[in-house]
Amino acid sequence: MRYPAVLDPSKVGSYPASAKAGGGYVWDEVLEYRVWCDPERGAPDEAEGSDYYYAFQSYEEAEAFAQSNEGAEPPLALVLQHEYIDEPETGQYVVRPEQSTSS
């Protein structure tokens, strides 16, 4: 496996959709892998025209789903950061010692 395992497989799919997904510059743990589906790009309309996602325990599962379903985007990782690096201006990096689920 070239991508990290999720922190707690029993919690995959329980995080709110409003949580941001991504990787940023550094991250500590993966909470889940998400594949967003876009009806306007051919995904089945399962949310009254809105985008929706499926959560997976591994990147490999998420990638296989994304590649085999029309309208699916590439996988994203929902990550937990115990601290993060902010870039308020291009080239200016600030370490933020705050726990954050971030993109």
Scan of segment 46-103 for residues that are farther than 18 Å from SER14 by Cα, hydrophobic (A, V, I, L, M, F, W, C) and modelled with pLDDT of 95 or more, ordered by number
ALA64, PHE65, ALA66, ALA72
For segment 31-45: of the residues being closer than 18 Å to PRO9 by Cα and hydrophobic (A, V, I, L, M, F, W, C), which is surrounded by the most Cβ atoms within 10 Å (Cβ to Cβ)?
VAL35
Identify the residue in segment 1-45 that is at pLDDT 95 or above and of a type in the set (A, V, I, L, M) and, among all such residues, is nearest to the chain's Cα centre (by Cα).
VAL35
Flagged pairs (Cβ under 7 angstrom, 6 or more apart or on separate chains; first in segment 1-17, of a type outside the set (A, V, I, L, M); second surrounded by fewer than 10 Cβ atoms within 10 Å (Cβ to Cβ) and part of a loop (DSSP other than H, G, I, E, B)) are none
If I filter segment 46-75 down to residues being in contact with a Lys or Arg (Cβ under 6 Å, 6 or more places away or on another chain) and without any contact (Cβ under 8 Å) to a residue 40 or more places away in the chain, which single residue comes out as surrounded by the fewest Cβ atoms within 10 Å (Cβ to Cβ)?
GLY71
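The values are calculated or read from the model by the stated rules, or taken from the named source; none is laboratory data. On a predicted model such as this, the values are computed, not experimentally measured, just so you know. Note that each Cβ is placed from the backbone with ideal geometry, even for glycine, and that neighbours are counted across all protein chains shown.
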